[in-house]
Amino acid sequence: MMNVMRLFGARAASAPVARERLQILLSHERGRTGAPDLLEMLRSEILSVVSKHIDVDPDKVVVRMDRGKFVSMLEVDIEVPNGVQRSKMVAAT
Amino acid sequence: MAKVLVVTSGKGGVGKTTSTAALGAALAQMGQSVVVIDFDVGLRNLDLVMGAERRVVFDLINVVQGVAKLPQALIRDKRLENLWLLPASQTRDKDALTEEGVERVIADLKTKFDWILCDSPAGIERGATLAMRYADEAIIVTNPEVSSVRDSDRIIGMLDSKTVRAERGERVEKHLLVTRYDAGRAARGEMLSIDDILEILATPLLGIVPESQDVLRASNVGCPVTLNAASSAPARAYADAVRRLMGEQIEMTVPVERKRLMDRLLRRRAA
């Protein structure tokens, strides 16, 4: 049966699958190239600037980059607890 | 003004060395003075593909380390007097190459030749990054196949970040050379088409080299295909690619399936 199908060219072309898989994979890989370093750098610098003035939990500083086709969105999410302490570094000066 | 070209791909076995030899010979056949450099230290093959394997005395590493002078290491092609080869070392490893050493050798070659073609090793490590480091332009050799296209994408990213030009904020002009293209399989949807590859990699096309027995035969005898079978389809594809590199506008034709067998059958039936 398989041979008969092959004879009539009923086998689905695999190139479109290859193309789709590549497009998905590369859109992820391109987004990642250099990005982890950049985001980590942004995160640590933002954290150091903010914590000069406010005490924040380093784990509550989230920096995210959403890549769109035309523009990308840099999202910075810093959770500040209520009754926040002004940083001791600033208080000391 | 001399131009430094890197022939690269990321993936191995796609035809970098074969293409370097063919493009180098095609440029020389057009009267240009050309040197091809093998950067695949420890696994040299450009000498073999060009039929100069028994004439290697000194190599790139010797020159980089000052053991030999550049003219001592350069091997002149037996068929084309303006084509030269700078072989890689077979015994040393890639760590013997230094950035400064390679820069010095390339600067020296720039004063002597019109074209400097750097045959990159596979991979993305030292040998590959040094081969592309001083390039003005890059030829990315790709097969119509998923792993090759993915690796090419990676290499394109490196060309845009790890070359001297990129670091200076300039561009390395990139050209895509699709090799081992099988028109029949592409037509049947079994192989990525040229349009698919171009859409994914978004890099201008320099040429399409069809899969051919002539390419294997040429490397078997150690003669670039543009010399060994000048009128063959792959040789013509390389010759056109070279004309495009030199700035000529040449129409790109995607190879179509040759129905020799079918023709013969039909003719026989008609007779």
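No value in this document is a laboratory result; all are computed from the given coordinates. Note that this is a predicted model, so its numbers are computed, not measured. Cβ coordinates were reconstructed from backbone atoms using ideal geometry, including for glycine residues, and neighbour counts include every protein chain displayed.
The tail of the calculated P(r) for the protein assembly as shown beyond 37 Å holds 34 percent of all Cα-Cα pairs. As a proxy for reagent exposure, ranking B:S161, B:S89 by other Cβ atoms within 10 Å from fewest up yields B:S161, B:S89.
With all pairs of separate Cα atoms included, the stretch B:3-268 yields a Kirkwood hydrodynamic radius of 18.6 Å. Amide H of A:I54 versus every other amide H placed in the peptide plane: which residues, excluding those fewer than 5 positions away on the same chain, fall under 5 Å? It is A:S87, by chain and number.
Counting only residues at least eight positions apart within a chain, or on another chain, the aspartates and glutamates with an alpha carbon under 12 Å from that of B:K162 are B:E125, B:E170. Exceedance of the 23 Å cut-off in Cα-Cα distance is limited, within the set B:K16/B:K174; B:K11/B:K174; B:K11/B:K94; B:K11/B:K110, to B:K11/B:K110.
When GluC sites (Glu not before Pro) are flagged only if DSSP places them in a loop and at most 14 other Cβ atoms lie within 10 Å, the longest unflagged stretch of chain B comes out as B:1-80.
Working from label points 7 Å from Cα in the Cα-to-Cβ sense, the B:E251 to B:V221 distance is 3.2 nm. Shielding of peptide A:23-29 by partners, expressed as the average count of other chain Cβ atoms within 10 Å per residue Cβ, is 3.
Identify which of B:V242, B:V67, B:V215 has the largest mean-square fluctuation in a Gaussian network model of chain B, with springs joining Cα atoms closer than 10 Å. Highest fluctuation of the listed residues: B:V67. Rounded to the nearest 500, the 222 nm mean residue ellipticity of chain B from helices alone is -11500 deg cm²/dmol, with -39,500 (n - 2.57) taken per DSSP H run of at least 4 residues. Close amide-amide hydrogen proximity is noted between B:G10 and B:G123, each under 5 Å apart and 5 or more residues distant or on a separate chain (H modeled in the peptide plane; Pro and chain starts excluded).
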